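Encoded as structure tokens, the structure appears first; notes follow it.
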Protein chains: 2
Amino acid sequence: MDVTEPATRTRRSDATRAAILRAARERFAADGYDRATIRAIAADARIDPSMVMRYYGSKEGLFAAAAEFDLRLPDLAEVPPDRLGETLIRHFVRRWEADGTLVALLRAAATNPGAADRMRGIFAGQLATAVARSSADPATAERRAGLVASQILGLALTRYVVRLPPVVDLDPEELTAWVGPTIQRYLTQPLPPSRASGR
Amino acid sequence: MDVTEPATRTRRSDATRAAILRAARERFAADGYDRATIRAIAADARIDPSMVMRYYGSKEGLFAAAAEFDLRLPDLAEVPPDRLGETLIRHFVRRWEADGTLVALLRAAATNPGAADRMRGIFAGQLATAVARSSADPATAERRAGLVASQILGLALTRYVVRLPPVVDLDPEELTAWVGPTIQRYLTQPLPPSRASGR
DNA sequence: AATGTTTGCCAACACGTGTTGACTTAACTG
DNA sequence: CAGTTAAGTCAACACGTGTTGGCAAACATT
């Protein structure tokens, strides 16, 4: 009952916890949710499978911890409006080339409802809000963010998951030159004539 | 030995085969490769799981048969060059709204290497060749087709798999108005200044 | 009618999975 | 040093999976 140490004491098991998390991210990214087994993850982390259960409760719990992800989007309000597309595509390529977490999430989201839910959460809570802050017209911000997501995730899918050769071969500069204008258009183009002729 | 009937005789089991295939497509589309179990597919088709094995050899074999897919792309050489984007996006939305096979393939491709391979095959054998036929510059056709694929598949992913609300809510007309120009640009835009500084 | 073949169902195998609880070892605490 | 707690190991359970072979009914062929 007497708790004299600070709330954030470093437990002796923190190294193990971190090793599990690292192995889990790699496995989830490489194999997806179903094929990434707890036994394989534990083997990578050189511990017993039961440790995973003790520290993360269940496979779902482990995935939830491993799929925590911050896009680290810059403040788009400070970016020159005509360079939004270029800035965003550059940021994304750098971000997921350095950290496989988003690829893991993407792979898992294709089959696991919880992962898909988290994916939606990330894009609503991070992308959509960032776009809204930079947008002159908040009413269309969500739709614009959705279109941006479709291109960004499509790129991640074809480049890192399906590995379509021509998309894999593009270097970051070419990628920026090609896709930047697309993002830019989705963000800043005036609404297309919504010829709302009742279906 | 005496085969009097034509080579393509209709076997009595053809109905069952078709029922299995139909159920398999639905299950693979809804659940992905791993979660779609043979038992569930057989139950949907109202037959015994062992029938699936008899007719398709294995789960891999069943998937191979279920993921046979023809994009049915029109001859792009006959499309007015300034309407390529609109034509393609319209075609794709209609195509995969009517047939869940491509969604099944997409879901499976996220985790199953064989499915990813088939996905690459479809886009190399169908999309890339169609684009090459319409392109003035065959040298860049493959790259352009890859970019088109990234946007098309990203749309399918966000709309039918992850189900991002703003993308789900777009009706086909809005989709065409927004994404058509993107496809158009990927297909017909002159090459961006590839500042080819060594590698 | 008798025979062979196709179509289908049943029960079971072998295996890998997530998960659990009992036990041993290490580390800290008085 | 004794005693308590944390960290880690081991073996096993219960379950669902793909897959297999045997057997009965329906059909086709002579």
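Per-structure values
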| quantity | calculated |
| --- | --- |
| Any hit, region A:29-42, residues being crowded, with 16+ Cβ neighbours inside 10 Å, more than 9 Å from DNA strand C (Cβ to nearest atom) and either of a type outside the set (A, V, I, L, M) or away from chain B (no Cβ under 14 Å) (or both) | yes |
| Condition broken by A:Met51, with the remaining ones in (1) within 16 Å of DNA strand D (Cβ to nearest atom); (2) surrounded by fewer than 17 Cβ atoms within 10 Å (Cβ to Cβ) satisfied | (2) |
| Residue ID - farthest from A:Gly114 (Cα to Cα), chosen from residues in region A:36-67 that are touching a residue at least 40 places away in the same chain (Cβ under 8 Å) and in contact with a Ser or Thr (Cβ under 8 Å, 6 or more places away or on another chain) | A:Tyr55 |
| Top-ranked residue of region A:159-176 - restricted to ones that are surrounded by fewer than 18 Cβ atoms within 10 Å (Cβ to Cβ) and assigned to a helix (DSSP H, G or I), ranked as farthest from the other protein chains (Cβ to nearest Cβ) | A:Pro172 |
| Meets criteria (at pLDDT below 95 and β-branched (Val, Ile, Thr)) for A:Thr8 | yes |
| Long-range neighbours under 9 Å by Cβ, at least six apart or interchain, first residue within 9 Å of chain B (Cβ to nearest Cβ) within region A:104-117, second among the acidic types (Asp, Glu) | A:Arg107/A:Asp31; A:Ala108/A:Asp34; A:Ala109/A:Asp117; A:Thr111/A:Asp34; A:Thr111/B:Asp31; A:Thr111/B:Asp34; A:Asn112/A:Asp34; A:Asn112/A:Glu60 |
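The values are calculated or read from the model by the stated rules, or taken from the named source; none is laboratory data. Bear in mind the structure is a predicted one, so any value in this text is a computation, not a measurement. Ideal geometry is used to build each Cβ from the backbone, glycine not excepted, and the neighbour counts take in all protein chains shown.
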